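The values are calculated or read from the model by the stated rules, or taken from the named source; none is laboratory data. Remember, predicted model here, so these are calculated numbers, not experimental data. When we count neighbours, we look across all protein chains shown, and the Cβ atoms used for this are built from the backbone with ideal geometry, even at glycine. Accessible surface areas use protein heavy atoms only, side chains included; no ligands, DNA or RNA. Shrake-Rupley method; radii C 1.70, N 1.55, O 1.52, S 1.80 Å.
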Amino acid sequence: MQNSKTIQSEIGGYISTVIREHFGKGPTSVFVIVKPPFVIVHLRGFLSPTEKILLQKNEYRRVMEIRHLLIEELKPDICDAFSRASGEKVESIYSDWHLENQTGMLIGVMENRDAAAEFEWQSNATQKALQESVVEASRKAEKKPESTELFWLNDRTLLIERTGFLVEIERELIRRGLAEELKQVKRPLEKRLLLKETQFPELLKRDIREIFLDWEFSTDISYILVLLEPSKHS
């Protein structure tokens with residue numbers, strides 16, 4: 001694997017170029033974390049002129065649908081670019097957007113989980129307590145996941161991986177071609193449950209800047225990316 005900063009620069013430059021080419025405007029900044037088996041990209045200042053007009057007409061869902069279609073089309077190329085930069089095959093891409101904040105995230109997941117880096121625990125809260133809060137939010141939204149893992153990518157970035165969380169009515173909606181509609185309902189619900197109906201924020205003892213979520217329904221895997229404000233003591 002190349003030098004970490006070289007990889008981050010290569011991925012950041014690629015994403016900026018791809019977004020500018022396909023959306024007509026690039027993000028003002030791109031922040032990249034590469035910590036095997038994950039590649040995290042956080043975008044800021046990303047809203048095209050066309051999207052801005054659509055949002056002024058309250059066409060939020062339309063903007064999200066267009067972004068979904070474009071990202072789905074670009075996923076194979078993004079996986080290839082992440083794989084070339086990191087030296088490890090990236091097999092899947094997850095994405096989410098906060099249109100009101102003009103921010104977004106991409107999560108690349110490497111095929112080789114054996115290449116996992118060391119993930120130092122970076123919270124005063126115990127892993128078990130934070131994990132139980134995530135499980136509680138999941139249980140209220142659908143069911144208790146079969147597996148819930150927490151990865152601190154740095155002191156301000158927590159990645160949560162859940163597997164085995166879908167219930168039968170969700171599976172039926174997916175079979176009927178309503179996967180995107182299901183995501184549009186689940187995103188605000190799960191964010192609200194995690195922030196308002198669990199001890200998750202209090203346990204972190206830090207203000208939460210943003211939460212991003214995405215799912216791969218075919219494999220029953222979901223990722224939650226939590227971005228924290230800087231510590232007041234730092």
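Things to note:
- Solvent-accessible area of Ser147 with every protein chain in place, 1.4 Å probe, in Å² to the nearest 10: 40
- Comparing Cα centroids, region 64-90 and region 134-156 end up 25 angstrom apart.
- Among 83-89, 168-174, 73-79, the peptide with the highest mean count of other Cβ atoms within 10 Å heads the list, and the full ranking is 83-89, 73-79, 168-174.
- Charged side chains reduced to their Cβ positions (Lys and Arg at +1, Asp and Glu at -1) give region 173-234 a dipole of some 140 debye around its Cα centre.
- Summing charges over all other residues whose Cβ lies under 15 Å from the Cβ of Arg162, with Lys and Arg as +1 and Asp and Glu as -1, gives -4.
- At a probe radius of 1.4 angstrom, the accessible area of the chain per residue rounds to 51 square angstrom.
- In this structure, the pairs whose alpha-carbon distance is over 19 Å, taken from Lys52/Lys196; Lys52/Lys75; Lys128/Lys205; Lys143/Lys183, are Lys52/Lys196; Lys52/Lys75.
- Computed over neighbours whose Cβ is under 11 Å from that of Trp97, the net charge equals -3, Lys and Arg +1, Asp and Glu -1.
- Globularity index of the chain is 1.00 (Cα radius of gyration / 2.2 N^0.38 Å, N = number of residues).
- Solvent-accessible area, 1.4 Å probe, carbon plus sulfur percent, for the chain: 48
- Between Ile11, Ile93, Ile160, the residue with the greatest mean-square fluctuation in the GNM of the chain (Cα pairs under 10 Å linked by springs) is Ile160.
- Basic side chains Lys and Arg get +1 at the Cβ, acidic Asp and Glu get -1 at the Cβ, and with that the dipole of the chain about its Cα centre reaches some 700 debye.
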